[in-house]
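**Student:** Quick one: the structure is below, and I'll ask about it shortly.
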């Protein structure tokens, strides 16, 4: 009798996970369903299964703004790609220096770097905006992209420092015996082994930059420079006359690159998060 009911706890756990997963997916499924409904039925029939299906929201939303929505997708793709490249280069270099090199006040600089993680982004907005305004960078992509090439994301530096520390120092010593300097050791030995940590950094940078509304709305005021999050805001009207159907349709399209990038690097993301911080 006990053996008969032994699989029951596992079955219950799986059922709870499935129900929890469906509960978390419900807003996304509702948005997909709403994007396929005529706009007058979106809030009148809140169920997931539409009684009428139309692709009009997608065709209207694509050409509803000053430029086609593909134009804003391209703007976001350019900014996000540069941000990912900047973080991968700058954060990996800074992490290698903290993890492997010796220089004056190394522990102090590392502590300051960790302390900057506790600062909310909004604390630094005003001084940064003043600096960028003085060098005439407002309404350009540089306030968003340039900091990434200066290793300003301390979280990713810390993540890669912890990953590099798990690599045996004998690799560095073998490279030194072979005549490799710091740069060659970093490029040919350390960097190839850091693929999981680099993938984690790239995925999170992509998602955070692609979805960043506050910074992009702050610096990109010209309608020709709008990115996807700011362009989606144009479908909403504070007076109540919002285009909900096209908004949901374009939101679904804007989620495509995020899902694609995440699925492509999921294997490395899991490996990076599992091994980071282990000794």
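**Student:** Would you say residue 151 is touching a helix residue (DSSP H, G or I) at 6+ places or on another chain (Cβ under 8 Å) and on the phi > 0 side of the Ramachandran plot?
**Tutor:** For residue 151, the condition - touching a helix residue (DSSP H, G or I) at 6+ places or on another chain (Cβ under 8 Å) and on the phi > 0 side of the Ramachandran plot - is met.
**Student:** Residues of the range 123-145 being in a helix (DSSP H, G or I), touching a residue at least 60 places away in the same chain (Cβ under 8 Å) and within 21 Å of the chain's Cα centre (by Cα), which ones?
**Tutor:** Result: 125, 143, 144, 145.
**Student:** Which of the residues spanning the range 37-65 are assigned to a loop (DSSP other than H, G, I, E, B), touching a residue at least 24 places away in the same chain (Cβ under 8 Å) and surrounded by 12 or more Cβ atoms within 10 Å (Cβ to Cβ)?
**Tutor:** Within the range 37-65, 37, 38, 42, 64, 65 meet the criteria.
**Student:** I need the full set of residues from the range 152-184 which are farther than 21 Å from residue 85 by Cβ, touching a residue at least 60 places away in the same chain (Cβ under 8 Å) and part of a helix (DSSP H, G or I), in order please.
**Tutor:** Within the range 152-184, 162, 165, 172, 182 meet the criteria.
**Student:** Follow-up question, since we're still on this one. Quickly run through the range 200-224 and pick out the residues that are modelled with pLDDT of 90 or more, surrounded by fewer than 17 Cβ atoms within 10 Å (Cβ to Cβ) and assigned to a loop (DSSP other than H, G, I, E, B).
**Tutor:** 211, 213
The values are calculated or read from the model by the stated rules, or taken from the named source; none is laboratory data. Given the structure is predicted, the values throughout are model-derived calculations rather than measurements. Here Cβ is always computed from backbone atoms with ideal geometry, including for glycine, and neighbour counts include all displayed protein chains.
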